[in-house]
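*Asks:* Provided herewith is a single structure, encoded as structure tokens, for subsequent inquiry.
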Amino acid sequence: MSKIQTVSQTASNADAVTSTAQFLSPVVLGLQALTINGKQAHWHVRGANFIGVHELLDTVVAHAGEWADLAAERIVALGLPIDARLATVAAKVPATSVPAGFVTSDAVVRDVITDIDAILADVKAAIDGLDEFDQSSQDIAIEIMRGLEKDRWFLFAHVAE
Ligand SMILES: [Fe+2]
């Protein structure tokens, strides 16, 4: 009786696997942080355009969670783990610009944009770095960049002069 063999490797080569983990891990951690800090902003925003900004921040949070899942599961699909425990996120992601306490809508929109820009830098690095190693993983980074830049625009439109 033959044993069922577990297929541990995909068609992706070792460079593709390690590059995917290297470049998508910071993106996952940054997006996970955005899900938490975005909620902080959602709960404490006050002032002009309250409802619009309050609701938009929930959309930003929802998208961040979806994209973190997308990138994390690409890493795991290729066979590597990702450490996205809360303590790891806190240690590796730069501190949020979102303050504690209540905050005006203009200020918090700018703060969340600052957080998004830090993530976008990692996403851009992933697009560039994955180009020669794994285009399927690069495609995920491209999808995230497209969506995150759209959310950034929706936020920025609230404070643009
Ligand atoms: Fe809410």
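The values are calculated or read from the model by the stated rules, or taken from the named source; none is laboratory data. All values derive from a computational prediction rather than experimental measurement. All Cβ positions, glycine included, derive from the backbone under ideal geometry; neighbour counts span all protein chains shown.
*Asks:* Let me spell it out: the conditions are (1) of a type outside the set (D, E, K, R); (2) under 18 Å from the mean Cα position of the chain (by Cα); (3) closer than 21 Å to Gly38 by Cα, and Gly101 meets all of them except one. Which number is the exception?
*Replies:* Single failed check for Gly101: (2).
*Asks:* Please identify the pairs in which a residue from segment 58-87 that is within 29 Å of Trp43 (Cα to Cα) has its Cβ atom under 6 Å from the Cβ atom of a residue that is within 16 Å of the ligand (Cβ to nearest atom) and assigned to a helix (DSSP H, G or I), counting only partners at least 6 apart or on another chain.
*Replies:* Close Cβ pairs satisfying both conditions: Asp58/His42; Val60/Gly38; Val61/Thr35; Val61/Gly38; Val61/Lys39; Ala64/Leu34; Ala64/Thr35; Gly65/Thr35.
*Asks:* Please go through segment 11-44 and give me each residue that is within 16 Å of the ligand (Cβ to nearest atom), among the aliphatic types (A, V, I, L, M) and buried (at least 20 other Cβ atoms within 10 Å of the Cβ), ordered by number.
*Replies:* Passing the criteria: Leu34, Ala41.
*Asks:* Answer yes or no as to whether Ala141 is small (Gly, Ala, Ser), in contact with a Phe, Trp or Tyr (Cβ under 8 Å, 6 or more places away or on another chain), under 21 Å from Gln22 (Cβ atoms) and surrounded by 15 or more Cβ atoms within 10 Å (Cβ to Cβ).
*Replies:* So Ala141 passes the test.
*Asks:* Of the residues Ala125, Ala121, which is free of Cβ contacts under 8 Å to residues at least 60 places away in the same chain, in a helix (DSSP H, G or I) and surrounded by fewer than 18 Cβ atoms within 10 Å (Cβ to Cβ)?
*Replies:* Ala121
*Asks:* Where in segment 1-118 are there helices (runs of 4 or more DSSP H), lying fully within it, with 3 or more residues that are in contact with a Gly (Cβ under 8 Å, 6 or more places away or on another chain)?
*Replies:* Fully inside segment 1-118 and qualifying: 14-44, 50-77.
*Asks:* Write out, first by first residue and then by second, each pair whose Cβ atoms fall under 8 Å of each other, whose residues are 6+ apart or on separate chains, and whose first residue, in segment 33-54, is of a type outside the set (Asp, Glu) while the second is modelled with pLDDT under 95 and in a helix (DSSP H, G or I).
*Replies:* none
*Asks:* Return the residues of segment 102-139 that are of a type in the set (Gly, Ala, Ser) and under 16 Å from Leu24 (Cβ atoms); say none if nothing qualifies.
*Replies:* Residues satisfying the conditions are Ala118, Ala121, Ala125, Ala126, Gly129, Ser136, Ser137.
*Asks:* Which residue is surrounded by the fewest Cβ atoms within 10 Å (Cβ to Cβ), if the candidates are limited to segment 146-161 and must be more than 18 Å from Val93 (Cα to Cα) and aliphatic (A, V, I, L, M)?
*Replies:* Ala160
*Asks:* While we're here: Answer with yes or no whether Ser105 is touching a strand residue (DSSP E or B) at 6+ places or on another chain (Cβ under 6 Å) and crowded, with 18+ Cβ neighbours inside 10 Å.
*Replies:* Criteria met by Ser105.
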